[in-house]
Amino acid sequence: MFRIAFTPSALDDIQWFRKHEQKIIFDKIEEQLTYQPNIETRNRKPLRPNQLAEWELRIGKYRVFYDVDTDRNAVEVKMVGSKEGNKLLVRGKEYEL
C-alpha cells in the first residue's frame, strides 16, 4: 500500500475546482494510486522525461501528475489540471509540459 502526499502547489491546484470536482479528484486519486501506482493502465501512464513528474493519471477531463518512490512506498502528487482539447489548464491558465 502506498502513502499519498500532496505538494502545497497541488493542493492549491485542486482548490481551483468546485467542491464536487474536488471530491471526484480526491476519490479517484485514492482509488488509483494507493495500490500499484507505477503500473501502466488505461488511465495511468508514464510520461516522457520532463521537469514536472514521471506519471500521469487521467480522471475524465482532469489530469493528475505524480512521482512514485517505491523504496518508501510513497506517491507525491505534484500538479492537478484539466484538459480542454489539446490544452492543459492549471488554475485556469494554459500549462506546457
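Scanning the stretch 5-55 for residues that are over 13 Å from the mean Cα position of the chain (by Cα), hydrophobic (A, V, I, L, M, F, W, C) and surrounded by 14 or more Cβ atoms within 10 Å (Cβ to Cβ) gives W16, F17. Just wondering, is there one or more residues in the stretch 31-50 that are more than 21 Å from E96 (Cβ to Cβ) and touching a helix residue (DSSP H, G or I) at 6+ places or on another chain (Cβ under 6 Å)? For the stretch 31-50, residues more than 21 Å from E96 (Cβ to Cβ) and touching a helix residue (DSSP H, G or I) at 6+ places or on another chain (Cβ under 6 Å): absent. Filtering the stretch 7-43 to residues that are among the basic types (K, R) and over 23 Å from R91 (Cβ atoms) leaves only R42. Total residues in the stretch 57-97 satisfying the condition of being of a type in the set (G, A, S) and modelled with pLDDT under 95: the figure is 2. Please tell me if F17 is assigned to a loop (DSSP other than H, G, I, E, B) and of a type in the set (F, W, Y). So F17 passes the test.
On the basis of being outside any strand (DSSP E or B), among the aliphatic types (A, V, I, L, M), under 18 Å from D12 (Cα atoms) and modelled with pLDDT of 95 or more, does I39 make the cut? Criteria not met by I39. Check the stretch 62-74 and report whether any residue there is part of a strand (DSSP E or B), touching a Pro at 6+ places or on another chain (Cβ under 9 Å), farther than 19 Å from D12 by Cβ and in contact (Cβ under 8 Å) with a residue 24 or more places away in the chain. Checked against the condition, which is being part of a strand (DSSP E or B), touching a Pro at 6+ places or on another chain (Cβ under 9 Å), farther than 19 Å from D12 by Cβ and in contact (Cβ under 8 Å) with a residue 24 or more places away in the chain, the stretch 62-74 yields at least one hit. Residues that are part of a strand (DSSP E or B) and of a type in the set (A, V, I, L, M) within the stretch 42-61 comprise L57, I59, listed in sequence order.
List the pairs whose first member sits in the stretch 11-23 and is farther than 13 Å from G81 by Cβ and polar (S, T, N, Q), whose second member is modelled with pLDDT of 95 or more and part of a helix (DSSP H, G or I), and whose Cβ atoms are under 7 Å apart, counting only residues at least 6 apart or on separate chains? The qualifying pairs are Q22/I14. Scan the stretch 36-61 for residues that are over 29 Å from H20 (Cβ atoms) and in contact (Cβ under 8 Å) with a residue 40 or more places away in the chain and jot them down. Selection gives N50 alone.
The values are calculated or read from the model by the stated rules, or taken from the named source; none is laboratory data. All values derive from a computational prediction rather than experimental measurement. With ideal geometry, Cβ positions are generated from the backbone for all residues, glycine too; neighbour counts draw on all protein chains shown.
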